[in-house]
1. What is the one condition in (1) of a type outside the set (V, I, T); (2) touching a residue at least 60 places away in the same chain (Cβ under 8 Å); (3) buried (at least 21 other Cβ atoms within 10 Å of the Cβ); (4) under 20 Å from G167 (Cα atoms) that H211 does not satisfy?
2. Could you check R81 against (1) in contact with a strand residue (DSSP E or B) (Cβ under 9 Å, 6 or more places away or on another chain); (2) at pLDDT 95 or above; (3) not polar (S, T, N, Q) and say which number it fails?
3. Can you find a residue in segment 149-163 that is in a helix (DSSP H, G or I) and in contact with a Pro (Cβ under 7 Å, 6 or more places away or on another chain)?
4. Does at least one position in segment 286-294 carry a residue that is buried (at least 20 other Cβ atoms within 10 Å of the Cβ) and touching a His at 6+ places or on another chain (Cβ under 6 Å)?
5. Write out, first by first residue and then by second, each pair whose Cβ atoms fall under 7 Å of each other, whose residues are 6+ apart or on separate chains, and whose first residue, in segment 325-352, is within 18 Å of S253 (Cβ to Cβ) while the second is among the hydroxyl-bearing types (S, T, Y) and in a helix (DSSP H, G or I).
6. Inside segment 1-87, counting only strands (runs of 3 or more DSSP E) that do not spill past its ends, which hold 2 or more residues that are within 16 Å of the chain's Cα centre (by Cα)?
7. Does T72 satisfy being closer than 16 Å to L119 by Cβ and either buried (at least 16 other Cβ atoms within 10 Å of the Cβ) or not hydroxyl-bearing (S, T, Y) (or both)?
Amino acid sequence: MQSSTSILPQRPCGRSGLSLPVLGLGTWSFGGGNYWGPQDQGDVNAVVEHALDQGITYFDTAEMYNAGASETSLGLALRGRRDRAVIGSKISPGHTRPATLRLRCEASLRRLGTEWIDLYMVHWPIHAGSIRHFTDDADLIANPPSVAEAFLTLSALQKEGKIRYIGVSNFGPRQMAEVRDLGVPIAVNELPYNLLMRGIETDIVPYCRLHGIGILGYMTLMQGVLAGDFESFDALPPMRTRTRHFSSQRSASRHGENGFEPETWSALEGIRQIAREEGIPLADLAIAWALSNPDISCVLAGCRTLTQLEENTRAVHRRLEPGVLRRLNAATEEVRRLLGPNPDYYQGLADTRSW
């Protein structure tokens, strides 16, 4: 068997010393749950084994994914293969008081069946506005954990060998600066990035480049919007029309803004037209476009079957011509401009969790 590192290229995560394959596997669906539906463990085992054989060695999970079932399922799939994998997991912001953080980290380690987590990230910035989306504990919301205590505890866990790299997710420049001022190095910021979510290009990408922080791009296919063929946005499940692209009148929305549905649909039609003209599947085009940005260390794509895994892997090896990249950027520029630079696409700008 060919070695995994010769199959899929890797990129450094800034100046952290961590390198990841350009494609990572998102595991939110592992373990089954209300959002993605049931998931057979046999299918998970097969996907993970084949991913490793293809050089997809990074697996991204979180304690909140299916109430811990994602971590458990991933741990089962990696039995006997742990040394071949890089595991990233995320802790919810409300669980970052020092004692709670330690307990939660230990719980993730048990579910994953491992002695260490390679990349341990704070899932959203630590403040009351963020925490209220994870809990209805009034005392915790009124008295959120201290950013300093949280990241100094993470640093201690790193020294103890329980985690290897410290990361954040959905943090804006000011929030990253607050962590850096504590003297705690950030290896990675995991952020939404795709053809219809380009906000990080304005402020966050330059900040990460300047300070040697890697970027993990999630929602590369925008939960299927950039992979499927549907007649209108009404055909999408309500939970996939929650972002500021869509009207706040949609049932699952909470951002309270008008949205930009005509502009988003026009951009999507433009992307589809380019895909047709180039003879490239839409999902391939979306993944290849995201990877064309050299500031992106790794893009994440979830999959439930070997067929989906093969499709995602195929896309990594596509190289888009400069003219195609220019056309894709032009087709999505209006949506980029309208949505602005804030990476929290689920909240209205007046109530954003990221700054």
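The values are calculated or read from the model by the stated rules, or taken from the named source; none is laboratory data. Please read all numbers here as calculations on a predicted model, not as lab measurements. Ideal geometry is used to build each Cβ from the backbone, glycine not excepted, and the neighbour counts take in all protein chains shown.
1. Result: H211 fails condition (3) only.
2. (1)
3. The first filter runs over segment 149-163 and keeps only residues in a helix (DSSP H, G or I), leaving 149-159.
Okay, now just the ones that are also in contact with a Pro (Cβ under 7 Å, 6 or more places away or on another chain), so 149, 153.
Yes, because at least one residue in segment 149-163 is in a helix (DSSP H, G or I) and in contact with a Pro (Cβ under 7 Å, 6 or more places away or on another chain).
4. no
5. Final answer for the pair search is V335/T264.
6. Details: elements: 10-12, 19-21, 23-26, 58-60.
Result: 19-21, 23-26, 58-60.
7. Answer is no for this residue.
Residues are listed down the side, and each one gets a yes or a no for (1) outside any loop (DSSP other than H, G, I, E, B); (2) closer than 30 Å to L20 by Cβ; (3) among the acidic types (D, E):
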position: S248; (1), (2), (3): no, no, no
position: E257; (1), (2), (3): no, no, yes
position: W265; (1), (2), (3): yes, no, no
position: I296; (1), (2), (3): no, yes, no
position: A301; (1), (2), (3): yes, yes, no
